[in-house]
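One structure below.
What follows draws every value from the coordinates through simple rules; no lab data is involved. Remember, it's a predicted structure, so these values are computed and weren't measured experimentally. Quick reminder, even Gly has a Cβ in these numbers, built from the backbone with ideal geometry, and neighbours come from all protein chains shown.
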């Protein structure tokens, strides 16, 4: 079957097909009370936003006149110019293909309102007046404006053709051509109120919240404002688009800086540079699909009541992706570059300070979880298998910290190294050196003879290096750990990690099993950073030096014999794929429930230059196959502490039938390959 001649946006890896909408917040150049100039600057900025692919741009409070006009707001000439200017911006929105929310003063039924107007495709779609008016020495808005709560008319005639448009604080704007995108609008002080209108708007369905603001600058106010916007986006499970008035406002008694921000569910996506006189713009791709998912899984949100009734105004969001000939498909995919933070390592904070703080918190959670379990059972000893690899090293460090918390001697930690067919001298020496540096009890129990006896008992040919050959070693080691734990009256501390649980890369009733699984919530890409932090912050001297060598050790289960030169023949990532890819997949599949197509597009951008499309799709298929087929191991996993937003415990975060099929997800990957 040949390729179709044309395809639609839903077929394309286009932003809107994946739930992304590109938006802008603008602090334009301005002249106080010069409406013509301000309209020109607004239209020019709108053209710039459209050129960057934006479908909606938000401008500051009273931006068509300037916020600081004061008693000039009483001048009919200024009011009439602003009303006429709204037509100019509306017509520009049709020409450039981008909707806009702009601010202006508007006289209605003998009262003056501080308003925000949504324009798109040449029309004024609705006007929202400000609810909360500041009454301070700096901003005495009640001198000029009336609160929108006192508006007595649901519509207003606007524009040269006296178009009747919805008017009021009860408006929500629903995009008919973008599922889930509903816009709510509030103005400056509304956000700073005890109960911002945006809260009720979000509960009523608004996923995008726009704020037209004229917040001035004072010492330390920028951090408060940034956090306020970020927190409101998180509280509302929404995107918050905040456009601040710029430095060209009057500096008679106060200064503005043009601080505009875009936040999404607590994540700051973009912000403008402050204290600039030229137009400043921040652009970001908001993930509406992600917001809808967060709302579905948040019981507090689903149980909330808006407390008020809203009128919904349907509109058509400009800027649809048109159909394109099939041969243009790859070029369009190549041009897709999302404007939002996107890390290859979503579990690892990029900022070193934040990363160190996260490592400290995670390590404390792990150690406290183990300490609590030891207190509960009254145990003063544990056994732990140490291989010199990353996971067992982290588990040993956690055990040492837990014993320190409880005031127990570290000699109660029985670290057992169990060399087998594939054990290298490097890992064995590191395991021994670390145990000695930490002051724990070290035991060496070789497993080769015991495993060979087991092979003879079950009739397995030692020359056949299959799953039986590998798993027999893992189960022998677990048996030793369990039996020694009984011997010393202690618990077995597990060493596997979250990534291995996701992929099922552990032996059932082997390294899969323990009495407390301290690494259960830590993904592989984070383990190395945790050990690195411990080497710097918790331990020094010989222990720190050994840890740094362990960090540099290749990831391997060491279950296959070494080659003639004594080198490894087995590297985990050669068999199941790069952990950096699998952890990326895990984060977006489990945390946000994204479909394969969206996960692929995100991975494609995050790992550009590192992996080609075929490689990403290959390992994405492996991820889904293993994630579904290995659920039975997670259904029987031992207790262990959750440390982040992604966890796979069947008792809390992830409930999935062990016999569920991956057919739907694999079929989507197959279609992507064929495309």
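Assorted remarks:
- When only alpha carbons of the range 6-335 are considered, Rg and Dmax amount to 18.8, 63 Å.
- Angle between the chain longest axis and helix 596-606 axis [Cα atoms, degrees, rounded to 10]: 90 degrees
- Adding -39500 (n - 2.57) for every DSSP H run of four residues or longer, then dividing by how many residues the chain holds, sets the calculated 222 nm ellipticity at -12500 deg cm²/dmol.
- Axis angle, to the nearest 10 degrees, between helix 390-406 and the longest C-alpha principal axis of the chain: 90 degrees.
- Average projected area [Cα convex hull, the range 352-674], square nanometres: 17.4 nm²
- Kirkwood radius, the range 377-455, all distinct C-alpha pairs, inverse of mean reciprocal distance: 13.1 Å.
- In degrees, nearest ten, helix 663-674 long axis to first principal axis of the chain (Cα): 70 degrees
- Comparing Cα centroids, the range 197-264 and the range 22-100 end up 18 angstrom apart.
- Sorting 90-100, 394-404 by average packing, meaning the other beta carbons within 10 Å per residue, from highest down gives 394-404, 90-100.
- Peptides ranked, highest mean first, by Cβ atoms within 10 Å: ranges 112-120, 626-634, 384-392: 112-120, 384-392, 626-634
- Its Cα gyration tensor gives the range 401-554 an equivalent ellipsoid; the semi-axes, largest first and in whole Å, are 27, 18, 16.
- Size check on the chain: the Cα extents along the three principal axes, sorted descending, read 98, 66, 42 Å.
- Note on the range 117-206: the alpha carbon radius of gyration divided by the globular reference 2.2 N^0.38 Å gives 1.18.
- Rounded to 5, the percent of DSSP beta bridges in the chain classed as antiparallel: 55 percent
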